[in-house]
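Colleague: Below you will find the structure I want to go over with you.
The values are calculated or read from the model by the stated rules, or taken from the named source; none is laboratory data. Model, not experiment: these values are computed from the prediction. Cβ: placed from backbone, ideal geometry, glycine included. Neighbour counts: every protein chain shown. These area figures cover heavy atoms from the full protein model, side chains too; ligands, DNA and RNA do not enter into them. Shrake-Rupley method; radii C 1.70, N 1.55, O 1.52, S 1.80 Å.
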Amino acid sequence: GTTLGASAAEKGRYFGAAVAAHKLSDATYVGILNREFNSVTPENEMKWDATEPSQGQFTFANADRIVNHARANGMQVRGHALAWHSQQPGWAQNLSGSALRQAMVNHVTQVATYYRGKIHSWDVVNEAFADGGSGARRDSNLQRTGNDWIEVAFRAARAADPTAKLCYNDYNTDDWSHAKTQAVYNMVRDFKARGVPIDCVGLQSHFNSASPYPGNYRTTLSSFAALGVDVQITELDIEGSGDSQATAYRNVANDCLAVARCTGITVWGIRDTDSWRASGTPLLFDGSGNKKPAYTATLDALNGG
Ligand code: G3I
């Protein structure tokens, strides 16, 4: 293939990008998006604060702009994210206990129902585990509603949209030796054993000097896959430049191709200037939209080079 999306498709996979609705009027941005990518993830537009700014009042206009663009151009959509401790509207931040639990379930149900049939995969729960060596759940208002909040969210999502793949998504879960990775693994194993509806694990894979691409990444991908779930690389970006950045991107693509159940890769933005990282050059296109060495390395890897 000559583009990321086409080359990934030849391998039975997708190649996606995080997209911001307000950039869909930028011709350079849309030109690259339509040429290179066959999957999109709304970067912020499907989050709780964006979709339910007042309790019970749902607003999907910005998310719809992205979903409609995707559908008109034959792209899949990854939904992001139904239940998360961050980016909650103020009213939810002020809830606790059964009122918060009920609001969370209603939110998952309403959003997943609205997009029923249009979402390839949902990040049902995002970033629920703590960093560091504890392997514990992250403390949050949602966690304080009871340890079963994650499986409750997954069951609500399944009931609302039975055909979407339901993912657990997190960061710092790339290195197989990390306690956080093992904790997520144990949760997924437990969910599979007990019939909690989970189909996929998202590895965000935000790599930088503090958390670089780990040499055991392929082991992480294949270990999750062996539990009977798909694995998706959901928010890839790699700080750096030149050959070393290109090599890391190549390694990620090769690792995904080596694991049958690694079904797709999403980069978290298109141009370096689109990145959430205030400084740095972590993406595949420079600020002018030119292909970087990291782009060429990724495309080569997808083409088996
Ligand atoms: O839309 C408002 C705007 O009205 C306001 O004037 C402006 C001033 O701060 O803020 C704008 O909202 C910002 C929003 O991005 C849209 O640009 C928020 O402040 C800002 O916090 C938000 O950042 C997003 C961040 O998630 C929020 O947690 C980033 O764009 C987005 O890339 C980032 O994505 C996360 C994933 O969802 C989960 N994994 C990690 C990843 C990177 O942090």
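Colleague: Out of all DSSP beta bridges with both ends in region 30-174, state the antiparallel percent to the nearest 5.
Modeller: Bridges in region 30-174 that DSSP calls antiparallel: roughly 15 percent.
Colleague: Rounded to the nearest 10 degrees, what's the angle between the helix 149-160 long axis and the longest principal axis of the chain, both from Cα atoms, 0 to 90?
Modeller: So the helix axis and the longest Cα principal axis differ by about 80 degrees.
Colleague: Less than 21 Å apart at the alpha-carbon level, and either on another chain or at least 8 residues along: which lysines does that give for Lys118?
Modeller: The reachable lysines, counting only those whose Cα sits under 21 Å from Lys118, are Lys47, Lys165.
Colleague: Taking all protein chains as present, what is the carbon and sulfur share of the accessible area of the chain, in % to the nearest whole number, probe 1.4 Å?
Modeller: Carbon with sulfur: 47 percent of the solvent-accessible area.
Colleague: Related question: Could you tell me what a quarter of the Cα convex hull surface of the chain works out to, in nm² with one decimal place?
Modeller: Answer in nm², one decimal: 14.3.
Colleague: Follow-up question, since we're still on this one. Calculate how steeply helix 293-302 sits against the longest principal axis of the alpha-carbon atoms of the chain, using the helix alpha-carbon long axis, and give the answer as 0 to 90 degrees to the nearest 10.
Modeller: 80
Colleague: Let me ask something else about it. If packing is taken as the average number of other Cβ atoms within 10 Å across a peptide's residues, how do 231-240, 49-58, 18-27 rank, most packed first?
Modeller: For the peptides 231-240, 49-58, 18-27, the packing ranking is 231-240, 18-27, 49-58.
Colleague: Quick one: Cα centre-to-centre distance for region 14-43 and region 250-305, in angstrom?
Modeller: A separation of 14 Å, based on Cα centres.
Colleague: Taking square-rooted eigenvalues a ≥ b ≥ c of the alpha carbon gyration tensor, is region 1-154 rounded, prolate or oblate, where a/c under 1.5 means rounded and, failing that, a/b exceeding b/c means prolate?
Modeller: prolate
Colleague: Then there is this: Once Lys and Arg get +1 and Asp and Glu get -1 on their Cβ, which of Gln182, Ala160, Gly215 lies farthest toward the positive end of the dipole of the chain?
Modeller: Ranked along the dipole, the leading option is Ala160.
Colleague: Sticking with this structure for a sec: Which residue fluctuates most in the GNM of the chain (Cα springs below 10 Å): Val40, Val184, Val196?
Modeller: Residue with maximal mean-square fluctuation among Val40, Val184, Val196: Val196.
Colleague: Please list, in order along region 123-130, the HN-Hα scalar couplings obtained from phi with the Karplus expression 6.51 cos²θ - 1.76 cosθ + 1.60 (θ = phi - 60°), rounded to whole Hz, x for Gly and Pro.
Modeller: 7, 6, 10, 10, 6, 8, 10, 7
Colleague: Mind checking the per residue accessible area of the chain for me, 1.4 Å probe, whole number of Å²?
Modeller: 37
Colleague: Of all DSSP beta bridges located in the chain, what percent are antiparallel, nearest 5?
Modeller: 10
Colleague: Is region 94-174 best put as rounded, prolate or oblate by its Cα gyration tensor, with a ≥ b ≥ c the root eigenvalues, rounded for a/c under 1.5, and otherwise prolate when a/b is larger than b/c, oblate when not?
Modeller: oblate
Colleague: Name the lysines eligible as straight-distance cross-link partners of Lys291: C-alpha to C-alpha under 27 Å, and not fewer than 8 places from it in the same chain.
Modeller: The reachable lysines, counting only those whose Cα sits under 27 Å from Lys291, are Lys11, Lys23.
Colleague: Continuing with the same structure: What is the set of long-range amide H partners of Ala17 at a cut-off below 5 Å, with H atoms built 1.01 Å from backbone N?
Modeller: Amide H neighbours of Ala17, under 5 Å, 5+ apart: Ser39, Val40, Thr41, Val267.
Colleague: Also, I was wondering about something else. Note down the relative contact order for region 185-305 as a percent, whole number, built from C-alpha pairs under 8 angstrom at least six residues apart.
Modeller: Taking the mean separation of contacting Cα pairs over the length of region 185-305, I get 24 percent.
Colleague: Here is a further query. Pick out, from Asn169, Ala246, Val229, the residue whose Cα sits farthest towards the positive end of the charge dipole of region 149-305, with +1 on the Cβ of Lys and Arg and -1 on the Cβ of Asp and Glu.
Modeller: Value computed over the given set: Val229.
Colleague: Add -39500 (n - 2.57) for each DSSP H run of 4 or more in the chain, then divide by its residues: what number comes out at 222 nm, to the nearest 500 deg cm²/dmol?
Modeller: For the chain, the value works out to -12000 deg cm²/dmol.
Colleague: Once Rh for region 141-279 is found with the Kirkwood sum over Cα pairs, what is the Stokes-Einstein diffusion coefficient at 4 °C and 1.567 mPa s, in µm²/s?
Modeller: Taking Rh from Cα pairs, D becomes 81 µm²/s.
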